[in-house]
1. With the condition kept exactly as written, say whether any residue in the range A:316-325 is aliphatic (A, V, I, L, M), within 30 Å of residue A:440 (Cα to Cα) and either free of Cβ contacts under 8 Å to residues at least 60 places away in the same chain or surrounded by fewer than 24 Cβ atoms within 10 Å (Cβ to Cβ) (or both).
2. I need the helices (runs of 4 or more DSSP H) fully contained in the range A:1-110, keeping only those with at least 2 residues that are over 18 Å from residue A:152 (Cβ atoms) and of a type in the set (Gly, Ala, Ser).
3. Condition check: in a helix (DSSP H, G or I), crowded, with 24+ Cβ neighbours inside 10 Å and within 16 Å of the chain's Cα centre (by Cα). Does residue A:167 satisfy that?
4. Got at least one residue in the range A:54-70 being of a type in the set (Asp, Glu) and surrounded by 16 or more Cβ atoms within 10 Å (Cβ to Cβ)?
5. Which residues, taken from the range B:1-32, are of a type in the set (Ser, Thr, Tyr) and either away from chain A (no Cβ under 11 Å) or touching a Pro at 6+ places or on another chain (Cβ under 9 Å) (or both)?
6. Please work out which residue is nearest to residue A:634 (Cα to Cα), limiting yourself to the range B:58-78 and to residues that are more than 14 Å from chain A (Cβ to nearest Cβ) and in contact (Cβ under 8 Å) with a residue 40 or more places away in the chain.
7. If I filter the range A:581-628 down to residues being over 30 Å from residue B:92 (Cβ atoms) and charged (D, E, K, R), which single residue comes out as nearest to the other protein chains (Cβ to nearest Cβ)?
8. Scan the range B:8-28 residue by residue and report those that are in a helix (DSSP H, G or I) and surrounded by 15 or more Cβ atoms within 10 Å (Cβ to Cβ).
Amino acid sequence: MFAEKAWLIPLLPALSFFVILFFGKKLPKGGAESGILTVGTSFVLAVIVAAQWLKDAKVVDDHLTWWSNGKVHITIGQHVDGLTVMMLAMVTFVSLMVHVYSTGYMHGDVRFTYFFAALSLFTASMLFMVLADNLLQLMIGWELVGLCSFMLIGHWFEEKNNSSAALKAFFTTKFGDVGLVLGTITLFFAAGQTFHIETINRLALDHDISHGLLLAGALLLFLGVMGKSAQFPLHVWLPDAMAGPTPVSALIHAATMVVAGVYLVARVYGVFWSGFSIGNGGLNWMAFIAGITMIIAAGLAFVQDDIKRVLAYSTVSQLGYMVAALSVGAWTAGVFHLFTHAFFKALLFLGSGSVIHAVHSNNMSEMGGLKKYMPTTYWTFVIGTLALAGIFPLAGFWSKDEILLGAMKNHYPYIFLLGLIGAFMTAAYMGRCVHLTFHGEYRGHGHPHESPRTMTVPLVLLAIPSVFVGLINAPGVEKFAHWVRFEVPGLKEAFEVPEHKFNPGLALFSFAVAAAGLVVATMVFYWKNAPAKGAWTRVPAFRALNTFLVEKYYLDHLFVGGVVGSIKGPIARATYWTNQKIIDGIVNAVGVGAKLVGRFTYDVIDQKGVDGIVNGIGVSASETGGVLRLVQSGRVQQYALMLFAAVGLLGLALILFT
Amino acid sequence: MPITEYLLLSAFLFCTGVYGVLARRNGVLVLMSVELMLNAVNINLVAFSARLNDPAGQVFALFVIAIAAAEVGVGLAIVLLIYRNRVGVNLDEIDLMKG
């Protein structure tokens with residue numbers, strides 16, 4: 001009943017976009033009320049759809065034909081299943097919180113109305129993408145969220161840094177999108193000219209598409225995922241994207257847009273499963289990239305001074321976890337982590353926004369001791385930190401544990417190992433972040449104060465699911481795996497992603513690892529006379545590591561200096577030598593020969609033959625033109641006369657010859 | 001139903017229109033002559049529609065009327081602009097497109 005009307009959910013924020021665009025400045029709250037109202041209604045609708053899904057679990061898959069050409073039908077449709085329902089509810093909830101929070105955070109901003117218009121459009125596009133039943137529609141939504149991200153990162157475009165960051169984000173993701181487009185085209189032809197995702201999944205899992213094509217499709221699509229979900233080495237845009245307003249960082253760069261890539265993998269999982277042969281275990285390209293991503297991003301989070309950048313690298317690392325989960329066949333775990341991560345990462349970002357609002361600086365070196373000034377922000381931030389670190393029984397613990405379990409049971413030992421190291425690092429850098437921000441002495445200027453009610457209420461509302469949402473897949477409950485499943489109807493052989501039973505020993509171990517991370521962080525950054533204090537600067541090896549991390553593994557240098565510079569430097573010289581000595585020799589020899597042939601050609605063929613013809617054509621055209629010029633008198637009635645005469649003659653011919 | 005009279009009327013109107021388009025110097029009168037031609041066609045369409053008992057002809061006639069209205073709108077706008085620019089609508093003088 002209600003699930004068939006799911007298309008209303010993206011439609012409402014889309015309408016709101018136009019309302020704010022045209023009438024926003026005239027509304028009493030500058031357009032904010034329109035955004036909040038529509039996103040709120042969408043959230044209620046999403047909850048109703050979710051409730052219906054929990055009741056009868058009926059998949060809705062219908063579409064309208066947009067236009068058709070021969071047997072190719074381009075459609076626009078909706079596919080409502082567990083994954084969609086989960087995403088709809090999550091996106092609308094986080095978006096609603098961010099809308100409410102923004103009324104406080106953006107209060108008095110020069111482009112307040114414009115900001116809310118972009119937020120509404122973003123929400124609409126994301127929901128449109130989530131509902132898509134075909135790859136083309138998914139791609140349209142995907143590009144729209146990319147556009148909104150660009151608009152919002154560059155919200156304060158008067159500063160050069162911000163507009164550069166927006167461009168960097170746009171170009172980096174567009175680079176990945178080339179892969180997405182090519183992958184979509186590959187799958188379109190591989191699946192017999194259809195974009196329909198369910199059909200593509202079915203054909204892929206039935207091995208009706210050759211493995212080579214599936215691998216090509218999966219690799220190309222994964223390039224898009226690497227751009228959008230910030231996987232190594234295309235993760236460089238995400239930390240810079242922190243130039244945008246903090247609510248945007250929470251909504252786009254933590255909870256929703258960046259998970260679009262993960263969502264794509266989860267949605268078209270049949271292609272990835274067969275293309276990368278995930279069921280076989282061992283090593284695949286996706287797992288390789290995800291493994292690198294989660295460790296290097298976690299390393300970078302240690303050395304950032306900007307609180308938002310810590311969270312940004314943490315996001316990159318967590319996206320690595322989600323992709324890793326999908327790459328080892330732990331579909332449910334990956335999607336579950338996406339779900340839990342959205343709540344606590346949005347909470348952490350909004351918390352950091354609240355701090356920035358109070359001290360007017362992003363740098364943790366100008367914070368400290370904020371616990372007593374802003375208690376609500378402090379406690380919610382701590383909840384978010386514990387949830388992200390994976391402390392029992394908060395949300396992150398359950399989902400991270402499932403990923404590790406999946407990696408171990410599905411024979412991906414190195415992902416399991418990297419995951420454990422990552423869990424330790426996550427707990428440690430988040431511990432550092434909390435200690436530097438909220439404990440110790442206040443190092444900034446002015447008098448910090450707690451944020452207004454519009455900002456703290458969303459924090460509390462996000463803290464509640466951050467604590468409890470993990471419990472829905474706890475042992476004994478295990479509802480999530482039941483509600484959100486990867487199913488493809490009509491398969492020759494039934495396919496099920498592997499599920500594993502909760503393993504208490506492993507859970508205890510991963511919990512101990514995370515706790516150890518927090519303890520280490522406390523030892524280094526909280527105790528005044530800790531032995532490890534200052535080790536970063538005293539020990540040369542650590543100092544070198546520190547510099548290496550501060551320079552972000554020299555990746556930006558590699559992209560700009562390495563790729564561009566090496567072409568200018570040795571490679572260019574080597575190329576020049578080869579060019580001068582070898583190629584020039586060949587070219588010269590060819591040249592002499594060519595010259596002789598050319599001389600002959602010029603004298604005989606060109607001058608006499610071709611030129612004769614060309615000149616002849618020219619002269620005849622010119623003379624014909626001279627005659628026809630008389631006809632072009634510019635007088636309308638003469639043209640009309642010729643028209644009627646011609647019609648008359650044709651009519652006469654018709655009568656005479658039939 | 002005898003149809004000859006209708007066709008004769010239509011042919012007469014059409015020829016008048018053609019003459020007007022070709023011979024008149026005034027732009028407005030040329031436009032009016034075009035209308036005459038269109039209406040001659042309409043008479044033909046309606047007459048055959050009645051004769052053959054097929055409403056398609058009448059539908060076409062309605063279309064022609066609608067399109068003719070749009071055409072006159074555009075045409076008069078052009079004539080008006082020409083008048084403003086050159087103070088006169090003598091078609092002989094308007095030969096900017098002379099090759």
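1. Taking the range A:316-325 first, the residues aliphatic (A, V, I, L, M) are A:316, A:319, A:322-325.
Next, from what is left, pick out any that are within 30 Å of residue A:440 (Cα to Cα): A:316.
Checking which are either free of Cβ contacts under 8 Å to residues at least 60 places away in the same chain or surrounded by fewer than 24 Cβ atoms within 10 Å (Cβ to Cβ) (or both) leaves us with none.
No, the range A:316-325 contains no residue that is aliphatic (A, V, I, L, M), within 30 Å of residue A:440 (Cα to Cα) and either free of Cβ contacts under 8 Å to residues at least 60 places away in the same chain or surrounded by fewer than 24 Cβ atoms within 10 Å (Cβ to Cβ) (or both).
2. On the way: elements: A:8-23, A:32-56, A:82-105.
Passing ranges, in order: A:32-56, A:82-105.
3. On the way: in a helix (DSSP H, G or I): yes; crowded, with 24+ Cβ neighbours inside 10 Å: no; within 16 Å of the chain's Cα centre (by Cα): yes.
Answer is no for this residue.
4. We begin by selecting, within the range A:54-70, every residue of a type in the set (Asp, Glu); these are A:56, A:61-62.
Subsequent filtering for residues that are surrounded by 16 or more Cβ atoms within 10 Å (Cβ to Cβ) retains none.
Within the range A:54-70, not a single residue is of a type in the set (Asp, Glu) and surrounded by 16 or more Cβ atoms within 10 Å (Cβ to Cβ).
5. Step one: list which residues in the range B:1-32 are of a type in the set (Ser, Thr, Tyr), which gives B:4, B:6, B:10, B:16, B:19.
Across the range B:1-32, the qualifying residues are B:4, B:6, B:10, B:16.
6. Restricting attention to the range B:58-78, the residues satisfying the condition of being more than 14 Å from chain A (Cβ to nearest Cβ) are B:58-74, B:76-77.
Restricting the remaining residues to those that are in contact (Cβ under 8 Å) with a residue 40 or more places away in the chain gives B:72, B:76.
Numbers: B:72: 22, B:76: 20 Å.
Among those residues, the one meeting the criterion is B:76.
7. If we filter the range A:581-628 for residues that are over 30 Å from residue B:92 (Cβ atoms), which is where we start, we get A:581-621.
Among the residues that remain, those that are also charged (D, E, K, R) are: A:581, A:584, A:595, A:599, A:603, A:606, A:608, A:611.
Details: A:581: 60, A:584: 53, A:595: 46, A:599: 43, A:603: 39, A:606: 34, A:608: 34, A:611: 28 Å.
Per the stated criteria, the residue is A:611.
8. Start the filter on the range B:8-28 by keeping residues that are in a helix (DSSP H, G or I), which leaves B:8-23, B:27-28.
Correct list: B:10, B:13, B:14, B:17, B:18, B:20, B:21, B:22, B:27.
The values are calculated or read from the model by the stated rules, or taken from the named source; none is laboratory data. Not measured: the values here are computed from a predicted model. So basically every Cβ, Gly included, is an ideal-geometry build from the backbone, and we count neighbours across all protein chains shown.
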